[in-house]
């Protein structure tokens, strides 16, 4: 859809068609929040993270809040240095500057000189080197395959504030808590409670991008006490909800 990458300004709720590419690509939100959906799951991309989608993965993007989306495609020689699965990486200051330089001006009023192919190649290598030094971030929510897990996931997608225990959810989907617990670990590589926390943080990022305050977001995502939400959010995103909402990183 955008074979050369670049800058794309999306209104809140904007969604791309399902697509795949012959080259892997990086997606960065210079403003707003993006979600990247593949058959493997959903990645949330706040403004201090970069999402990677390898070549051949069918995916679509969605904007949460007015979003300044930047896309950089990588040649196979560079793509093989990243990873073979969808992932989210912390964006260092240098990585952010490289992404912005590769995708155009920061705002509509800015001008940026055209870069030679050699200069772009150097920037791309710097960007990939920075990502190789960064750890994958826990902002990729894997998609269940087992029908029982999918039923649990649907219920929690519809209401992230649902505080039902795993045993209660098991009764609703016809599986024991022990079976579901084993499936979460074997299929998704995390416990049920870790997965639900990830889901809630994803939802929180969307609500914050839409302008909701910390207390309202905490309650909508299942936390009775905003302090518990702030701790969980900060542990995963790296900044408090209040600072994130006001643009602090």
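The values are calculated or read from the model by the stated rules, or taken from the named source; none is laboratory data. Computed from a predicted model, the values in this text were never measured in an experiment. Using ideal geometry, Cβ is built from the backbone for each residue, glycine included, and neighbour counts are taken over all protein chains shown.
A few points about this structure:
- Condition check for residue 200: outside the structural domain of residue 43 (by TED's automatic domain parsing), within 20 Å of residue 156 (Cα to Cα) and surrounded by fewer than 16 Cβ atoms within 10 Å (Cβ to Cβ): no
- Matching residues in the range 48-66 - criterion: being in contact with a helix residue (DSSP H, G or I) (Cβ under 7 Å, 6 or more places away or on another chain) and either within 14 Å of residue 141 (Cβ to Cβ) or touching a residue at least 60 places away in the same chain (Cβ under 8 Å) (or both): 50, 64, 65
- Residue ID - surrounded by the fewest Cβ atoms within 10 Å (Cβ to Cβ), chosen from residues in the range 103-138 that are within 17 Å of residue 70 (Cα to Cα), modelled with pLDDT of 80 or more and in contact with a strand residue (DSSP E or B) (Cβ under 6 Å, 6 or more places away or on another chain): 103
- Search result, residues across the range 17-40 that are surrounded by fewer than 18 Cβ atoms within 10 Å (Cβ to Cβ), over 28 Å from residue 94 (Cβ atoms) and touching a strand residue (DSSP E or B) at 6+ places or on another chain (Cβ under 6 Å): 18
- Of note, residue 239 does not satisfy the criterion of being in contact with a helix residue (DSSP H, G or I) (Cβ under 6 Å, 6 or more places away or on another chain) and either closer than 24 Å to residue 92 by Cβ or not assigned by TED's automatic domain parsing to the domain that holds residue 67 (or both).
- Any chance residue 45 is closer than 18 Å to residue 143 by Cα, crowded, with 23+ Cβ neighbours inside 10 Å and touching a residue at least 12 places away in the same chain (Cβ under 8 Å): yes
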